[in-house]
Structures are given as C-alpha cells and as structure tokens.
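The block underneath contains the structure these notes are about, expressed in structure tokens.
Bear in mind these aren't lab numbers, they're just calculated from the coordinates by the rules spelled out. Here the structure is a predicted model, which is why all the values come from computation and not from measurement. Cβ coordinates were reconstructed from backbone atoms using ideal geometry, including for glycine residues, and neighbour counts include every protein chain displayed.
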Amino acid sequence: MKSYNKNNVFAKIINGEISCKKIYEDEDTLCFEDIKKDAPVHLLVIPKRYYSCYEDFVTNSDEAYIAKFFKTVAIIAKNAGIVDGYRLITNNGSNAGQTVFHFHIHILARMKTTEL
Ligand code: AMP
C-alpha cells in the first residue's frame, strides 16, 4: 500500500488550492465531477481525511466514519438525478488503475432525469 502524499490533486482540492465542480460537501465528505468523464454522470466522492486507497481507508479509519462515508455516497447518488442505476468503482492500487492516491469512489451512470 502506498503511503499518503499530501501533494496529490485531491488533497489540493480539499484545501482549496485546486478548484472543482462541486456537487456535495459536508464536514467529512466532498463530491465533485470527474474532470474526464467516462459516462454522462461521473462523480468522485472522497473523504476529507487522508487515506491513500480503499485498503488504507477500511483498515485505518474508524467504523463510524467508514459507515457515514458509504451512506453519503448513496445519498449523493440518489440526489444526482440518475434514472436507471449506477456503478460504484474504486481502483485499489496502481496495478488496478489507481492514478490519484487519495481514496475515492467513482459514481458512474448512463443517464440523468434532465437528459430524458
Ligand atoms: P483513479 O484512476 O481511480 O485514481 O481515478 C482518478 C480520477 O481522477 C480520474 O478519473 C481522473 O479523470 C480524475 N481527476 C484527476 N484530476 C482531477 C481533477 N483536478 N478534478 C477532477 N477529477 C480529476
């Protein structure tokens, strides 16, 4: 597992150094649009605490924070106007395609209500 490096792009989004198209924010979680969409809806949900990947998050965070994070992912997906289901993806490690080493969940969906 990679150690956490605070120079990564999502850490810079959390601290405001880099802007994002924000969809949702609370004290623990931030959601914004992926800069390179792989689907009509492509959101990224990140915890504001620093974990390099999924394995780091579930191993080293506390259970209440983990549960709240995953419930927030569901609320964001529900409020995103997605009509017909969605996919959740996390790439755990560079061999799996992870390129940004701040844990994140991709929400991908084909369609929004407004596009019907
Ligand atoms: P992964 O390959 O699973 O680590 O996903 C990283 C994702 O972050 C990719 O889908 C990128 O398109 C996205 N990404 C990289 N930089 C930014 C940025 N500044 N704002 C929004 N999304 C980004």
Task: Unit charges on C-beta of K, R, D, E only; dipole of the chain, Debye - done: 240
Open item on the list: I'd like the FRET efficiency for residue 65 and residue 111, computed as 1/(1 + (r/R0)^6) with the beta carbon distance as r and R0 of 22 Å, rounded to 0.05.
Closed with: 0.10
Task: Added length on full extension, which subtracts the Cα-Cα distance from 0.36 nm per residue, residue 27 to residue 3 - done: 6.3 nm
TODO: Determine the relative contact order of the chain: mean sequence separation of Cα pairs under 8 Å and six or more apart, normalised by residue count, in whole percent.
DONE: 33
